[in-house]
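To start, the structure under review is shown below, and the notes come after it.
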Amino acid sequence: MRIALIGSHNTGKTTVFEMLKQNKDLSHYYFAPEPTHEIVDCGFKINAESTDCSQLAMLSIYMENMLLPNSIQDRCILDNYVYALYLHRKGIISNNVVKFIWKKVLNHVTEYDYFFYFPISFPLQDNNFRSVDKEFQEEIDKIFRYVLFTLKEKFQLNNIYFLEGDSKQRLETILNVIASKLSCEQVKITYTLD
C-alpha cells in the first residue's frame with residue numbers, strides 16, 4: 001500500500017509521519033522522509049530560490065519512492081507539482097518542467113492507495129529551513145485544493161482524506177483508514193510524544 005502525506009509546508013505532516021514510524025503495526029512499511037533536506041544537502045535551492053534542476057531532482061526522489069510497494073511518504077509527486085506550479089506562476093520555474101511534472105502526476109496518481117491532506121491549521125513555526133511567509137503557505141494551500149479537486153474529478157478518486165484536529169487526531173484518522181483497508185480489527189494507536 002502506498003500512502004502519501006501531502007499539503008503545504010508547516011502543517012504537521014512530518015510530526016504525524018514521525019508518530020506513524022513509531023507504530024509497531026506499521027513496521028513492514030518503508031517510511032520515505034520528505035526529500036527537501038536531501039536536496040539542499042546536494043546543493044540545490046528550495047523555496048523561492050528553487051530552480052528547474054531543484055524541482056527535477058525532487059521529482060526523481062518522488063519517482064524512486066513510487067517503486068516502493070509498501071510505503072508511507074512524507075510528501076509525494078503532488079507536492080512537487082503544486083510547488084513547481086506556484087514557482088512557475090512567479091516566473092521561477094519553466095513551463096516545460098511544470099508540464100513534465102504534471103505528466104508524471106497524471107501517469108502515477110492512481111498508484112497511491114491513500115492521500116492524507118494536511119490543511120493549514122497551526123501558526124507557522126520557524127524551523128530555519130522552510131519559508132515562514134504566510135502568503136506563500138496560503139497560496140500553496142489554495143493550489144493544493146484546486147489540484148486535488150481536479151484530480152478527484154478526472155480520476156474519480158475517493159482516496160483523498162482532508163485531515164482535521166491536532167496531531168493525535170490526525171494520526172488516529174490515518175490509522176483507522178489503514179486498518180479498514182487492511183480489514184484488521186484495529187491498528188493499534190501507539191505513539192510517544194516528546
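The values are calculated or read from the model by the stated rules, or taken from the named source; none is laboratory data. In this text, all values refer to a predicted model and were calculated from it rather than measured experimentally. Cβ placement follows ideal geometry from the backbone for every residue including glycine, while neighbour counts extend to all protein chains displayed. Only protein heavy atoms, including side chains, enter the accessible area calculation; ligands, DNA and RNA are left aside. Shrake-Rupley method; radii C 1.70, N 1.55, O 1.52, S 1.80 Å.
Structural remarks
- Which numbered condition Tyr30 misses (of (1) within 22 Å of Arg170 (Cα to Cα); (2) open to solvent by less than 70 Å² (accessible area, probe 1.4 Å)): (2)
- Residue list for the range 5-15, restricted to those being touching a strand residue (DSSP E or B) at 6+ places or on another chain (Cβ under 8 Å) and buried (at least 23 other Cβ atoms within 10 Å of the Cβ): Leu5, Ile6, Gly7, Lys13
- Met63 vs. criteria surrounded by 14 or more Cβ atoms within 10 Å (Cβ to Cβ) and either touching an Asp or Glu at 6+ places or on another chain (Cβ under 8 Å) or over 26 Å from Ile120 (Cβ atoms) (or both): yes
- Test: residue in the range 87-96 that is in contact with a Lys or Arg (Cβ under 6 Å, 6 or more places away or on another chain), among the hydroxyl-bearing types (Ser, Thr, Tyr) and open to solvent by less than 50 Å² (accessible area, probe 1.4 Å): no
Condition check ((1) in a helix (DSSP H, G or I); (2) free of Cβ contacts under 8 Å to residues at least 12 places away in the same chain) across all residues:
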| residue | (1), (2) |
| --- | --- |
| Asp25 | yes, no |
| His28 | no, no |
| Ile39 | yes, no |
| Lys45 | no, yes |
| Ser54 | yes, no |
| Asn80 | yes, no |
| Tyr83 | yes, no |
| Lys104 | yes, no |
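- Met58 vs. criteria under 22 Å from Phe144 (Cα atoms), assigned to a helix (DSSP H, G or I) and in contact (Cβ under 8 Å) with a residue 12 or more places away in the chain: yes
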